[in-house]
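J.: Sending over a structure as C-alpha cells; questions will come in a sec.
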Amino acid sequence: MKKFSTVCLACFLLVLQLPAQNKRVEGNGKPVTYSLSPGAFDRIHIDRQVNKRIRVEAGASETAVQITIDENLRDYLQVKNENGDLFIYNQPLQGDYLWVRASGIAIITIKVPVLNRLYYGCNGDLQVAGVNNTRFTLINNANGRISFEGTVKELEVESNANGEMVLKGNAEKLVVKKEGNGHIQASELNTDEAWIHCSGNGSITVNAKTLRKDCEGYEKVRNIYRLSK
C-alpha cells in the first residue's frame, strides 16, 4: 500500500510539472542586434527550435556570427564553439523545456572561411552559399527549407523528415540519403554522377550524367540531364 501511494504521488507531481515543461515564449517584436566572434570552426549544428531566417556564408576571411532577435529571447539563444563545432540552439531557462517562437525580425548570419558539415534540425529557412570544398555534408533533420549554392567535388545530402532542399552549383559526385516525405530539387546542380538511396513519398530531381538509385516506397526520382540536352 505504501509503495502504491508513493507511485501515485510521483505521478501527481509529474502532472503538475507538465504546464511548465510546455511553456511557450513569444518574441516581443523589439529587435536587438549583436555580433559574436566564436573562434575557428568548420562544422555547424543548428537545433532546438532556432526557427529563424539563417544565412551561412562560406569563403569569408574570418568566422563571425551576427544575430538580430527579439529582445526578450536573447537569453534563450545559445552559440557555442566546441572543438570546431559551432552549436546554435535555444536553451530553456530554469530547467523548463519550452517552445520559443521568434517574430519575423529574427535573422542569424554566420560567416566562415571553410565549411565541411552542416546539421539543421529546425523548421525555418536556411541559406548556405559560397561553399567551395573537396567534400561537404548537408543534413536536414526537420521540416525547414534549405537552399544551397556552391562547388563541391563530393556533396553528401541527407534528408530525414518533410523539409525541402534546393541545391545549385556544381558537384562531381552527389550522394543523397533520404527518408520521409520531403523534396530535394537539384535540377540546377550540375553533377557527373548521382547516387540516391531513398524511402518515403517525396520527390528528388537531379541533373546528372550518371544516375544510380536504390529506393523504396513511392519516392519519385527524376533526372533532367538528358531532357535538357
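The values are calculated or read from the model by the stated rules, or taken from the named source; none is laboratory data. Model, not experiment: these values are computed from the prediction. Please note: Cβ atoms are built from the backbone with ideal geometry, for glycine as well, and neighbour counts cover all protein chains shown.
J.: For segment 78-98, how many residues are surrounded by 13 or more Cβ atoms within 10 Å (Cβ to Cβ) and either on the phi > 0 side of the Ramachandran plot or modelled with pLDDT under 90 (or both)?
T.: 4
J.: Exactly one condition in (1) touching a residue at least 40 places away in the same chain (Cβ under 8 Å); (2) surrounded by fewer than 17 Cβ atoms within 10 Å (Cβ to Cβ) is false for Lys177; which is it?
T.: (1)
J.: Scanning for something surrounded by 16 or more Cβ atoms within 10 Å (Cβ to Cβ) and β-branched (Val, Ile, Thr), does segment 207-214 turn up at least one residue?
T.: No: segment 207-214 contains no residue that is surrounded by 16 or more Cβ atoms within 10 Å (Cβ to Cβ) and β-branched (Val, Ile, Thr).
J.: Same structure, new question: Do we find that Gly163 is surrounded by 16 or more Cβ atoms within 10 Å (Cβ to Cβ) and either at positive phi or in contact (Cβ under 8 Å) with a residue 60 or more places away in the chain (or both) in this structure?
T.: no
J.: Which of (1) closer than 29 Å to Tyr89 by Cα; (2) not in a strand (DSSP E or B) is the odd one out, the single condition Arg226 does not satisfy?
T.: It is condition (1) that Arg226 fails.
J.: Do we find a residue being of a type in the set (Ser, Thr, Tyr) and surrounded by fewer than 17 Cβ atoms within 10 Å (Cβ to Cβ) anywhere in segment 140-158?
T.: Yes.
J.: Quick one: how many residues across segment 101-142 are in contact (Cβ under 8 Å) with a residue 24 or more places away in the chain, more than 27 Å from Ser61 (Cα to Cα), among the aliphatic types (A, V, I, L, M) and not assigned by TED's automatic domain parsing to the domain that holds Val65?
T.: Residues flagged as in contact (Cβ under 8 Å) with a residue 24 or more places away in the chain, more than 27 Å from Ser61 (Cα to Cα), among the aliphatic types (A, V, I, L, M) and not assigned by TED's automatic domain parsing to the domain that holds Val65 within segment 101-142 amount to 0.
J.: Would it be correct to say that Asn162 is among the polar types (S, T, N, Q) and out of contact with any strand residue (DSSP E or B) (no Cβ under 8 Å at 6 or more places or on another chain)?
T.: Yes; evaluated as a whole, the condition is true for this residue.
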